[in-house]
Amino acid sequence: MKRDRAIRTLIYAVDLTTENVRALETFLNAQLGRVSEEVGETGETAFAMRSLLILVSDSAGFLYQLVAVERPEPWQQAAIVREWQRLRSTALDFNHCHGYDYDRWWKQIRHYDAADEGAEQERIRHFATLYPWTDDEADQGKED
């Protein structure tokens, strides 16, 4: 079940809406469009900009489809997290440019939901009990 749509600070991918995706995609397209205009229509940089615009569009389109799934399977949940992070990391540098909003609401999302986060923490705890570090092992390889 999706959480309250009024939440501006995203914690989990389950909270993402198509509006969130649209806002991030729109921001990226505006910034990349501005840079593309400065670059021009010829040369390797122009080709790279067009490729980046295509990648943003493809990633956002895939994310729109995934967010619309009512009960995503585990691979879809992982893909939602990955695609959001891909778009978010692309926007990050633009977000901190002079004259832009330093308090943008999109956040890094590492888990699909609280259960996914709990399962990862449990895997970490389990791994830590299998391979505990001792002070002697941590000091191995250090010269006195």
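The values are calculated or read from the model by the stated rules, or taken from the named source; none is laboratory data. Source: prediction; values computed, not measured. No Cβ is skipped: glycine too gets one built from the backbone with ideal geometry, and neighbour counts run over all protein chains shown.
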Suppose we keep only residues that are modelled with pLDDT under 60 and within 29 Å of GLN77 (Cα to Cα) within region 102-144. Which one would you say is surrounded by the most Cβ atoms within 10 Å (Cβ to Cβ)?
ARG104
Looking at (1) of a type outside the set (Lys, Arg); (2) at pLDDT 80 or above; (3) on the phi < 0 side of the Ramachandran plot, which is the only condition PHE94 fails?
(2)
Look at THR45 and say whether it is surrounded by 12 or more Cβ atoms within 10 Å (Cβ to Cβ) and under 22 Å from TYR112 (Cα atoms).
no
Kindly list, by first and then second residue, each pair from a residue in region 27-38 that is touching a residue at least 12 places away in the same chain (Cβ under 8 Å) and in a helix (DSSP H, G or I) to a residue that is surrounded by 18 or more Cβ atoms within 10 Å (Cβ to Cβ) and of a type in the set (A, V, I, L, M, F, W, C), limited to pairs with Cβ atoms under 6 Å and residues at least 6 apart or on different chains.
PHE27/ALA91; LEU28/VAL56; LEU28/ALA91; SER36/MET49
